[in-house]
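Here the structure is laid out as structure tokens; the discussion comes afterwards.
The values are calculated or read from the model by the stated rules, or taken from the named source; none is laboratory data. Because the structure is predicted, anything quoted here is derived from the model rather than measured. Glycine gets a Cβ as well: all are built from the backbone with ideal geometry, and neighbour counts include every protein chain shown.
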Amino acid sequence: MIPSILFTVLTLLEHVSAVVTTKPNIVIMYMDDMGWGDIGANGNWAKETPNIDKMAKEGMLFPSFYSAAPICSPSRASLMTGRLPIRNGFYTTNRHGVNAYTPQTIVGGISETEYLLPELLKEAGYKSKVIGKWHMGHRRDYLPLNRGFDEFFGSPNCHFGPYDDVETPNAPVYRDDTMIGRYYTNFTIHQGLSNLTQIFIKEGTDFIEKQAKAGNPFLLYWTPDANHQPPYASEMFWGKSRRDSRYGDSVMEVDYGVGVILAKLKQLNIDQNTLVFFSSDNGAEGIAGKNGGSNGPLLCGKQTTFEGGFREPGIAWWPGTIRPGVVTPQLGTTMDILVTAVGLAGLDLPSERVYDGIDLFPVLSGKVESIERPVWYYRGNELFAVRVGRYKAHLWTWSHEHYDFCPGEYVKDVTTPDQVNRTANPIVFNLDNDPGEKYTILKGSMFKEAMSLISPYLQKHRDTMVRGEPALNYCDRMVMNWAPHGCEAIDYCLKGPTESSIKLCGWDH
Ligand SMILES: *[C@@H]1O[C@H](CO)[C@@H](O)[C@H](O)[C@H]1NC(C)=O
Ligand SMILES: *[C@@H]1O[C@H](CO)[C@@H](O)[C@H](O)[C@H]1NC(C)=O
Ligand SMILES: *[C@@H]1O[C@H](CO)[C@@H](O)[C@H](O)[C@H]1NC(C)=O
């Protein structure tokens, strides 16, 4: 009798401790408009990202890590859902192949039928916080606390401005569910000088400390937007970059933040139980000029489906589990983070929907060198390109007829100013030899090899695609941030239009 009770108790204990130790904390560091070539680990000449580079040395560097979109809102929606924008609805059908996002006039937001990462992890007891830029809808139903997060500090919108609060409201800043001020007027950004990144760093370390003390597994989604134009930095870094730009200063400051957060994990002795991913929402923006970053040798940038638009810095860090200093050949995507995290939490993915991410744990833990998988390059409602292995096939090409998304770069038949349908005769590149997409492969044995690898994935993708309802078609000045929740308490509500002027949004890129 006694031995059997003891046995049961021991098994129970064992079970409990196994469950606890197999639930690592998840930290996602997601930069804004930072390019592949902005970090020292990927060859940036200024070498001003010592903390990010150290993270890569202590962890795993993915030279081929991809976003799900070349623009912020759909990229973020895919990070949080593990699904392509075409499935989760973060796209528009107003015009063929254009990018859409969530300006203050957007009516929609991330669909209620999507499961976000914090919502899924909650079932395994995780506490979650998002810090920085949300960008998945600013109307109340779409805000972080109504979509699974326990805490929020930051803004639902970009830090565009300053605005006059008459024609356009300055973007609100929230703590959790309540507005506490606005960018520019209360949270100062003045000629590229701001303390916001420092505030975001402190919010991050405070949250980590609180959850570590309480013994909760946690998800921290840390997404400062200082690198988005107009970039900003605090006095600690203002004017310090060798790159001689505010953008360079802002990169130095987010790099500093990466160092502070990783040091906090080590100090609390939870680094061996925390998986940290570092990436960016889309490539550096060519038209931003000096206010934008670097995509290294990659073609074009933000807004486009060339490598400069989609390929991001990618680092995974988990001391004790990820072998230090590995540069992996694995093609990764930001959507893999959700799938990997859900698996590590001991949960199953909802079975009734398609996930575009894959579980990277076998690669992170060194059990498997790499997993073959496709990478999809959508621009709006159209699939522009697909990569499998070393080959990428362009089904559509487009830079832009009005905007110079590829400044100083021109590749014949590739950076076409107009949308060109190449589906019948795709343009192929071997990205291992030609990451800059300059030497087109149009026929011959290499072309055949590429298409025989890619075609089956493409066929299956098309045959099984179920498109989400497009969430980014309608705009209305009435829905702007005139009077966000909590504005009365701080006496900062603004008077907006009292009548709706809903119309199709005029997306043009
Ligand atoms: C925020 O700024 C506005 C405009 O300058 C000001 O009226 C208000 O008092 C400030 N609110 C807080 C909470 O600092
Ligand atoms: C940033 O914080 C420092 C220290 O509190 C303060 O002196 C400075 O005025 C702040 N700068 C801005 C731009 O808010
Ligand atoms: C692009 O070309 C393919 C193959 O010729 C064709 O099936 C498809 O309808 C075209 N797409 C559009 C939007 O014109």
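Checking each residue in the range 415-450 for being within 29 Å of the chain's Cα centre (by Cα) and on the phi > 0 side of the Ramachandran plot picks out only Glu437. Taking the criterion of being β-branched (Val, Ile, Thr), away from ligand 2 (no atom under 16 Å from the Cβ) and over 26 Å from the mean Cα position of the chain (by Cα), would at least one residue in the range 393-411 satisfy it? So far as the range 393-411 goes, yes, one or more of its residues are β-branched (Val, Ile, Thr), away from ligand 2 (no atom under 16 Å from the Cβ) and over 26 Å from the mean Cα position of the chain (by Cα). Tell me yes or no: at least one residue of the range 303-320 is acidic (Asp, Glu), touching a Cys at 6+ places or on another chain (Cβ under 9 Å) and outside any helix (DSSP H, G or I). Among the residues of the range 303-320, not one is acidic (Asp, Glu), touching a Cys at 6+ places or on another chain (Cβ under 9 Å) and outside any helix (DSSP H, G or I), which makes the answer no. When the range 454-509 is filtered for residues that are charged (D, E, K, R), in a loop (DSSP other than H, G, I, E, B) and more than 16 Å from ligand 1 (Cβ to nearest atom), the ones remaining, listed by number, are Arg467, Glu469, Asp476, Glu499, Asp508. Scanning the range 163-172 for residues that are buried (at least 22 other Cβ atoms within 10 Å of the Cβ) and of a type in the set (A, V, I, L, M) turns up just one, Ala171. Residue-level analysis places Val388 outside the set of residues that are farther than 21 Å from Ala69 by Cβ, hydrophobic (A, V, I, L, M, F, W, C) and not assigned by TED's automatic domain parsing to the domain that holds Thr92.
Before we move on, is Leu196 out of contact with any Cys (no Cβ under 6 Å at 6 or more places or on another chain), modelled with pLDDT of 95 or more and either charged (D, E, K, R) or away from ligand 1 (no atom under 16 Å from the Cβ) (or both)? Judged against the criteria, Leu196 is not a match. Which ones in the range 181-215 are farther than 23 Å from Arg246 by Cα and among the polar types (S, T, N, Q)? Residues satisfying the conditions are Thr205, Gln211. Before we move on, is Leu116 touching a strand residue (DSSP E or B) at 6+ places or on another chain (Cβ under 7 Å) and either away from ligand 1 (no atom under 16 Å from the Cβ) or touching a residue at least 12 places away in the same chain (Cβ under 8 Å) (or both)? Spelling it out, it is not the case that Leu116 is touching a strand residue (DSSP E or B) at 6+ places or on another chain (Cβ under 7 Å) and either away from ligand 1 (no atom under 16 Å from the Cβ) or touching a residue at least 12 places away in the same chain (Cβ under 8 Å) (or both). In this structure, Asp348 does not qualify as part of a loop (DSSP other than H, G, I, E, B) and either on the phi > 0 side of the Ramachandran plot or under 16 Å from the mean Cα position of the chain (by Cα) (or both). Residues that are of a type in the set (D, E, K, R) and free of Cβ contacts under 8 Å to residues at least 40 places away in the same chain within the range 355-402 comprise Asp359, Lys367, Glu372, Glu401, listed in sequence order. Under the condition of being surrounded by 24 or more Cβ atoms within 10 Å (Cβ to Cβ) and among the polar types (S, T, N, Q), the residues counted in the range 224-264 number 2. Filter the range 341-367 down to the residues that are of a type outside the set (A, V, I, L, M) and either buried (at least 17 other Cβ atoms within 10 Å of the Cβ) or more than 22 Å from Tyr221 (Cα to Cα) (or both) and list them by number. Once the filter is applied, which keeps residues that are of a type outside the set (A, V, I, L, M) and either buried (at least 17 other Cβ atoms within 10 Å of the Cβ) or more than 22 Å from Tyr221 (Cα to Cα) (or both), the range 341-367 yields Ser351, Glu352, Arg353, Tyr355, Asp356, Gly357, Asp359, Phe361, Pro362, Ser365, Gly366, Lys367.
Just one residue in the set Leu344, Leu349 is of a type outside the set (Asp, Glu), away from ligand 2 (no atom under 16 Å from the Cβ), in contact with a helix residue (DSSP H, G or I) (Cβ under 9 Å, 6 or more places away or on another chain) and under 25 Å from Pro74 (Cβ atoms); that residue is Leu349.
Condition check ((1) at negative phi; (2) within 16 Å of ligand 2 (Cβ to nearest atom); (3) in contact with a Gly (Cβ under 8 Å, 6 or more places away or on another chain)) across all residues:
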{"residue": "Glu167", "(1), (2), (3)": "yes, no, no"}
{"residue": "Ile189", "(1), (2), (3)": "yes, yes, yes"}
{"residue": "Asn195", "(1), (2), (3)": "yes, yes, no"}
{"residue": "Ala212", "(1), (2), (3)": "yes, no, no"}
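Within this structure, Thr340 fails the test of being in contact with a strand residue (DSSP E or B) (Cβ under 8 Å, 6 or more places away or on another chain), of a type in the set (Ser, Thr, Tyr), farther than 17 Å from Phe310 by Cα and in a loop (DSSP other than H, G, I, E, B).
Kindly indicate whether Asp141 is surrounded by fewer than 24 Cβ atoms within 10 Å (Cβ to Cβ) and in a loop (DSSP other than H, G, I, E, B). For Asp141, the condition - surrounded by fewer than 24 Cβ atoms within 10 Å (Cβ to Cβ) and in a loop (DSSP other than H, G, I, E, B) - is not met. Looking at Phe160, Phe200, Phe187, Phe153, just one residue is in the same structural domain as Pro74 (by TED's automatic domain parsing) and crowded, with 22+ Cβ neighbours inside 10 Å, and that residue is Phe200. All conditions but one from (1) more than 16 Å from ligand 3 (Cβ to nearest atom); (2) modelled with pLDDT of 95 or more; (3) not hydroxyl-bearing (Ser, Thr, Tyr) apply to Gly408; the one that does not is (2).
Pick from the range 54-77 the residues that are among the hydroxyl-bearing types (Ser, Thr, Tyr) and touching a helix residue (DSSP H, G or I) at 6+ places or on another chain (Cβ under 6 Å): which of them is surrounded by the fewest Cβ atoms within 10 Å (Cβ to Cβ)? Result: Tyr66. The number of residues in the range 171-184 that are touching a residue at least 40 places away in the same chain (Cβ under 8 Å) and either near ligand 1 (Cβ under 9 Å from one of its atoms) or not assigned by TED's automatic domain parsing to the domain that holds Pro156 (or both) comes to 3.
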